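Below is one structure, written out as structure tokens; the observations come after it.
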Amino acid sequence: MDLASRYKGVVGFVFGNENPDSSEDSYVERLLDRISNGVLAEDRRIAIAELQSIVPESRAGQLAFGAMGFPVLMGVLKEERDDVEMVRGALETLVSALTPIDHVKGPTNEVQPALMNTDLLSRESESISLLLSLLSEEDFYVRYYTLQILTALLTNSPNRLQEAILSIPRGITRLMDMLMDREVIRNEALLLLTYLTREAEEIQKIVVFEGAFEKIFSIMEEEGGSEGGVVVQDCLELLNNLLRSNASNQVLLRETMGFDPLISILKLRGSSYSFTQQK
């Protein structure tokens, strides 16, 4: 069963309707057809831009997209890598499809299409491999949106994503490389790695093998150590994941870097040090 058919089955089970029909469905379907079968690249870009405006605004739009859109946009990411504008648009649409819409009121027990979308996409190991490959692209926004998608998937389906990333050659290496990227990318990668390393001992060991300790302490130093803000806090949370209940990583830290870099974070500056809640 393909991705779209599987989604429609889930929709029918949850909503009691195997063939949901609405204006959003038909409009989204027409846009996806233009993206798939359009002859002119510009027309396909316009269709993606229109899709971008629909998906973030309504649960019906997210639901309609999830039932039909993943195979189409994954095809764009696979086949149109040289068209940066089209790839950006596809990725931004995927981010919207995986982000719950908080400003739209509905019954408290109503299923969030964004969470259903996340669950569906996380089942496709080929899609995860494709997304990881995009982290090597030169375009800033391609890498940025890709990290946001992976973080959304990890937030809601951590075990499935952990297994998928472990099965992909150099998957974790690509994520670790993002810690040396521009500040915005680096910060997204920190959050992603924090989700990835929770209660995942094998991944914790690989991340450390890939130089996590050196990178984390380097970032904390750049951010001002004990004077730093939320980025230092994120680094410490990631470090905690890598060390807590992981004896081999604890030994490796002691035998390589020692505890001095960590102790230096505790050194307070000045006689009138101001303790914020974060510090």
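The values are calculated or read from the model by the stated rules, or taken from the named source; none is laboratory data. From a predicted model like this one, the values you see are computed outputs, not experimental measurements. Cβ coordinates were reconstructed from backbone atoms using ideal geometry, including for glycine residues, and neighbour counts include every protein chain displayed.
Rundown of residues vs (1) aliphatic (A, V, I, L, M); (2) over 20 Å from residue 96 (Cβ atoms), yes/no style:
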| position | (1), (2) |
| --- | --- |
| 132 | yes, yes |
| 138 | no, yes |
| 141 | no, no |
| 145 | no, no |
| 152 | yes, no |
| 155 | no, no |
| 159 | no, yes |
| 166 | yes, yes |
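Need a quick list: helices (runs of 4 or more DSSP H) entirely within region 108-222 having at least 3 residues that are free of Cβ contacts under 8 Å to residues at least 40 places away in the same chain and farther than 29 Å from residue 83 by Cα. Per the criteria, 158-167, 201-209, 212-222.
Summed over region 53-71, the residues that are crowded, with 23+ Cβ neighbours inside 10 Å and either more than 19 Å from the chain's Cα centre (by Cα) or not in a helix (DSSP H, G or I) (or both) give a count of 5. Residues of region 224-244 that are modelled with pLDDT under 90 and either part of a loop (DSSP other than H, G, I, E, B) or not assigned by TED's automatic domain parsing to the domain that holds residue 174 (or both): 224, 228, 229.
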